[in-house]
There are 4 protein chains.
Amino acid sequence: MFSSDKGCISHDGIRGKEWGTPVMLSTGVRVYVLKPLLIDYLMHAFKRVTQVIYPKDLGYMALLAGVRPGYKVLEAGIGTGFLTAVLATIVGDEGHIYGYEVREDFARVAKENLRRLGILHRVTIKIADVRYGVSEEGIDAAFLDIPNPWEVVDVIGKSLKPSSPILVFLPTANQVIKLLSKLKELGSFIDIRVFETLLREYQPDEKAFRPLSTMIAHTGYIVFSRYVKNT
Amino acid sequence: MFSSDKGCISHDGIRGKEWGTPVMLSTGVRVYVLKPLLIDYLMHAFKRVTQVIYPKDLGYMALLAGVRPGYKVLEAGIGTGFLTAVLATIVGDEGHIYGYEVREDFARVAKENLRRLGILHRVTIKIADVRYGVSEEGIDAAFLDIPNPWEVVDVIGKSLKPSSPILVFLPTANQVIKLLSKLKELGSFIDIRVFETLLREYQPDEKAFRPLSTMIAHTGYIVFSRYVKNT
Amino acid sequence: MFSSDKGCISHDGIRGKEWGTPVMLSTGVRVYVLKPLLIDYLMHAFKRVTQVIYPKDLGYMALLAGVRPGYKVLEAGIGTGFLTAVLATIVGDEGHIYGYEVREDFARVAKENLRRLGILHRVTIKIADVRYGVSEEGIDAAFLDIPNPWEVVDVIGKSLKPSSPILVFLPTANQVIKLLSKLKELGSFIDIRVFETLLREYQPDEKAFRPLSTMIAHTGYIVFSRYVKNT
Amino acid sequence: MFSSDKGCISHDGIRGKEWGTPVMLSTGVRVYVLKPLLIDYLMHAFKRVTQVIYPKDLGYMALLAGVRPGYKVLEAGIGTGFLTAVLATIVGDEGHIYGYEVREDFARVAKENLRRLGILHRVTIKIADVRYGVSEEGIDAAFLDIPNPWEVVDVIGKSLKPSSPILVFLPTANQVIKLLSKLKELGSFIDIRVFETLLREYQPDEKAFRPLSTMIAHTGYIVFSRYVKNT
């Protein structure tokens, strides 16, 4: 039995139904059987154990890095696996994600989430701290969602194909300031840019069109740069 | 000879250089040979003939629709081809984009832009008005960037696999209001949501971290919905 | 006895204390006796019966209209009295606010709020619908916070000194569109401008400076214009 | 002769006209004689010599501090005099602004701007660095728009009536972080809050209602706090 605040329906009442078909709840309310999209998995089916990166940032980060089928991507700090799921969806079966996570309990949840999406085979999760080095080489793009990226950007840079992008997600201005200092000191990162995305959702009411009253005001800053040879 | 405001360099001085390698301009300024990313093509190499959809919206729209390798996508109003380029990059060689455009001159520019990116073979461009019908079926996701989407959502819906997403990009509140009325009247679109993305870029200066003084304040509203059978 | 989540203190423990003096709560927590500011009255002491106009909009609206000591201001739809309180504070004892409100229960609360601030004598509250006319003349600025301003702008305009500002606060885009149509049709309003203010509050933490996670995303649109003779 | 891009008109064609009256330009275009508002002076008549504080911030800052007729206000860093003009307008003839400015050339322009508004008599401008002390006492509210406020907040605090507000305007996150550290170290400032205002202007077109394409993305952060006795 599946139950919600709108009413109940037996699993048999849904099973075998074509996507997009209406079914009737116990309350007489008509609902539809929808094929879940990637955002449905993220927002409704994924188990959460950490702060997550929201869709407003996920889409922009993937685009900035130019992630595409076949890409080999390194990710440090996979947490709940939201970004991992987006990246693994886009790189397809020819690509691969090398995901580092220091907390085994987070990694376990991320694995479960990715398995649910059917894309766990595209991801290698390592329980390790990237400060002690990464074994990958020839990486197309790197994503860091860890509290201390300034300690590892050098190591991560060396795993990248020259001129490839590295994206760092950071909640506070203090962290961004510290990272910018490090990137400039190292001299092997150029085209440094910092972004913040904001998403406004509107009341989808044709008689009273207006933004919703509250919104997520801040998730984090996105620091983009490209790794070059500084010799 | 390649020349910029920073200085000049002969094509021979660049040719054959590995990505990420520094080269010296005539002025003594050191610059780097970078492998262009998708956003570099969009923002610097693409010829523009129309208002374009910006990266802040492109990434979010692709994510909302769950575009992935192998997807068959319908796009109405390809214009300069920014969205087409993003979609065709993600769907890979197994996917395909069916792009409609009424203006032949726009389509010619879009083709040239996509050829430059090496992904024109993933796109079929049709010089036609979607109001007179589309021949595709079993489409995974549809994107509309046309001034009068309320006239065509019904037709486009029928080309979609049931429960698949349709995303409409619209500059004005009046258009959103008109579209919302139509979607509700038709009754075959559910989970209607309206979004607006904002992107703030920051001065990447560790001594004076602050948002840039001006920003793009508005490009358009994104209307998301899913097509269902309403029988 | 005054009690809070931090602890209690007897009224005698506060009475007679100089502003800015520390006092000790029952829990040993040190707090300060603060002289309330206008925003403290609005956000903490005012009883609320309606949606209110927030400080982010109040300050900007007062500035746009150039409200100053001695001004005679007309306000339609005083509701809880937030805007009335701000206007009556600025116009001083030489100025005056003529406030219309159709709901007697709202007017009663507004009066109580203004009395608490000690500025009720600067405000004349009338239980009346401005659609049936206003008796004031030579008004310096008018403020409307009512759902149907297009029905009254003409009447209100005539109460204004020529070329004086009228500001309308409206929650939805549909209302703004309707008002803009009316203002243009009448032809006696010029310099029409529409604004929306957004306020981001930051975590005041020198070690983790970042915007608060959530914010008020929308309160309303501010429509500014000036009344002229259109003969 | 007054001339604009719309056409010309002789001063005699305007002189003596009632506010709000239409007049005809040489081109046949009808325009109106408007009584200038405070924002007209700020945005069109004031000579500018520095970065200015914009209306979106001016209105909110004045409201936060509860500025009203009769207030004695201290301002450090008057620059072009935008904030001074707003404060001096609101405090009226019974109030007063004590404005400090280290640059004599800025002070000269500010004076000229305030004289134009007819409120120079409400302002005492001192060419002095507040780091060397201020002679005022019993101030109701203080405003700082200087690059190094952490060096002077202690001095300024002592000139304030206990529990009165001090507002600091700062362009960069680094400055805010430094100020927050100082305020906490001193221990005599409480209720510390940091804000940022954003203003979106809309196209006032009832057929195409939408935000303008570009906007001012950042002017500065507003740091609010109250001075208390910390003994």
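The values are calculated or read from the model by the stated rules, or taken from the named source; none is laboratory data. Predicted model, so just to flag it, every value in this text is computed and none were measured. Because the Cβ atoms are built from the backbone with ideal geometry, glycine has one as well, and the counts that use them run over all protein chains shown. The protein model used for the area step is the full one, side chains on, heavy atoms only, and it has no ligands, DNA or RNA in it. Shrake-Rupley method; radii C 1.70, N 1.55, O 1.52, S 1.80 Å.
Here residue A:176 clears all of (1) in a helix (DSSP H, G or I); (2) within 12 Å of chain B (Cβ to nearest Cβ); (3) among the hydrophobic types (A, V, I, L, M, F, W, C); (4) more than 23 Å from residue A:59 (Cα to Cα) except the condition numbered (4). Restricting D:53, D:78, D:97 to those that are within 27 Å of residue D:128 (Cα to Cα), in contact with a helix residue (DSSP H, G or I) (Cβ under 6 Å, 6 or more places away or on another chain) and assigned to a strand (DSSP E or B) reduces the list to D:97. The set of residues in the stretch D:99-108 being surrounded by fewer than 20 Cβ atoms within 10 Å (Cβ to Cβ) and not acidic (Asp, Glu) consists of D:102, D:103, D:106, D:108.
Exactly one of these conditions fails for residue C:26: (1) open to solvent by less than 60 Å² (accessible area, probe 1.4 Å); (2) in a loop (DSSP other than H, G, I, E, B); (3) away from chain D (no Cβ under 13 Å). Give me its number. Failing condition for residue C:26: (1). Do the conditions hold for residue B:53, that is, is it under 30 Å from residue A:41 (Cα atoms) and not hydroxyl-bearing (Ser, Thr, Tyr)? So residue B:53 passes the test.
Against the test of being open to solvent by less than 50 Å² (accessible area, probe 1.4 Å), over 30 Å from residue B:220 (Cα atoms), part of a loop (DSSP other than H, G, I, E, B) and not assigned by TED's automatic domain parsing to the domain that holds residue B:198, the options B:20, B:13 yield a single qualifying residue, B:20. From the list B:135, B:164, the lone residue that is hydroxyl-bearing (Ser, Thr, Tyr), over 18 Å from the mean Cα position of the chain (by Cα) and at the interface with chain A (Cβ under 8 Å from one of its Cβ atoms) is B:164.
If only residues of the stretch B:185-220 that are more than 7 Å from every other protein chain (Cβ to nearest Cβ) and closer than 23 Å to residue A:201 by Cβ are counted, the one that is surrounded by the fewest Cβ atoms within 10 Å (Cβ to Cβ) is B:187.
Of all the listed residues (C:134, C:155), the sole one being in contact with a Leu (Cβ under 8 Å, 6 or more places away or on another chain) and over 23 Å from residue D:95 (Cα atoms) is C:134.
Working carefully through the options D:221, D:202, find the one that is without any contact (Cβ under 8 Å) to a residue 24 or more places away in the chain, of a type in the set (Ser, Thr, Tyr) and within 30 Å of residue C:173 (Cα to Cα). The unique qualifying residue is D:202. Against the test of being open to solvent by 10 Å² or more (accessible area, probe 1.4 Å) and modelled with pLDDT of 95 or more, the options D:156, D:177 yield a single qualifying residue, D:177.
Taking the listed residues A:105, A:93, the one that is closer than 25 Å to residue B:89 by Cβ and either assigned by TED's automatic domain parsing to the domain that holds residue A:146 or in contact with a Lys or Arg (Cβ under 7 Å, 6 or more places away or on another chain) (or both) is A:93, with no other qualifying. Residues that are of a type outside the set (A, V, I, L, M) and either in contact with a His (Cβ under 9 Å, 6 or more places away or on another chain) or under 24 Å from residue D:206 (Cβ atoms) (or both) do occur in the stretch B:135-146.
Residue pairs whose Cβ atoms lie under 9 Å apart, sitting 6 or more positions apart in sequence or on different chains, and linking a residue in the stretch B:100-113 that is within 18 Å of residue B:144 (Cα to Cα) to a partner that is open to solvent by 70 Å² or more (accessible area, probe 1.4 Å), are B:100/B:127; B:101/B:127; B:102/B:127; B:103/B:127; B:104/B:127; B:107/B:127. Return the total of residues in the stretch D:111-143 being part of a loop (DSSP other than H, G, I, E, B) and touching a helix residue (DSSP H, G or I) at 6+ places or on another chain (Cβ under 9 Å). Count: 8.
Quick grid of which residues meet (1) under 23 Å from residue D:70 (Cβ atoms); (2) out of contact with any Lys or Arg (no Cβ under 7 Å at 6 or more places or on another chain):
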site	(1), (2)
D:146	no, yes
D:160	yes, yes
D:172	no, no
D:176	no, yes
D:192	no, yes
D:207	no, yes
D:212	no, yes
D:223	no, yes
D:226	yes, yes
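Are any of the residues in the stretch C:145-162 touching a helix residue (DSSP H, G or I) at 6+ places or on another chain (Cβ under 7 Å), of a type in the set (S, T, N, Q) and without any contact (Cβ under 8 Å) to a residue 40 or more places away in the chain? No, that holds for no residue. Of all residues in the stretch C:91-101, those being more than 24 Å from residue C:162 (Cβ to Cβ) and in contact with a strand residue (DSSP E or B) (Cβ under 7 Å, 6 or more places away or on another chain) number 1. Summed over the stretch A:62-83, the residues that are closer than 28 Å to residue B:95 by Cβ and touching a residue at least 40 places away in the same chain (Cβ under 8 Å) give a count of 12. Name the residues in the stretch C:49-67 that are open to solvent by 30 Å² or more (accessible area, probe 1.4 Å) and either at pLDDT below 95 or more than 14 Å from chain D (Cβ to nearest Cβ) (or both), would you? Of everything in the stretch C:49-67, those that are open to solvent by 30 Å² or more (accessible area, probe 1.4 Å) and either at pLDDT below 95 or more than 14 Å from chain D (Cβ to nearest Cβ) (or both) turn out to be C:49, C:50, C:51. Name the residues in the stretch C:125-144 that are open to solvent by 50 Å² or more (accessible area, probe 1.4 Å) and not basic (Lys, Arg), would you? Within the stretch C:125-144, C:127, C:132, C:135, C:137 qualify. Applying the criterion of being aliphatic (A, V, I, L, M) and within 8 Å of chain D (Cβ to nearest Cβ) to the residues of the stretch C:68-90, the residue that is farthest from residue C:164 (Cα to Cα) is C:86.
Here residue C:46 fulfils each of the conditions (1) over 26 Å from residue D:54 (Cα atoms); (2) open to solvent by less than 80 Å² (accessible area, probe 1.4 Å); (3) touching an Asp or Glu at 6+ places or on another chain (Cβ under 7 Å); (4) not small (Gly, Ala, Ser) apart from (3).
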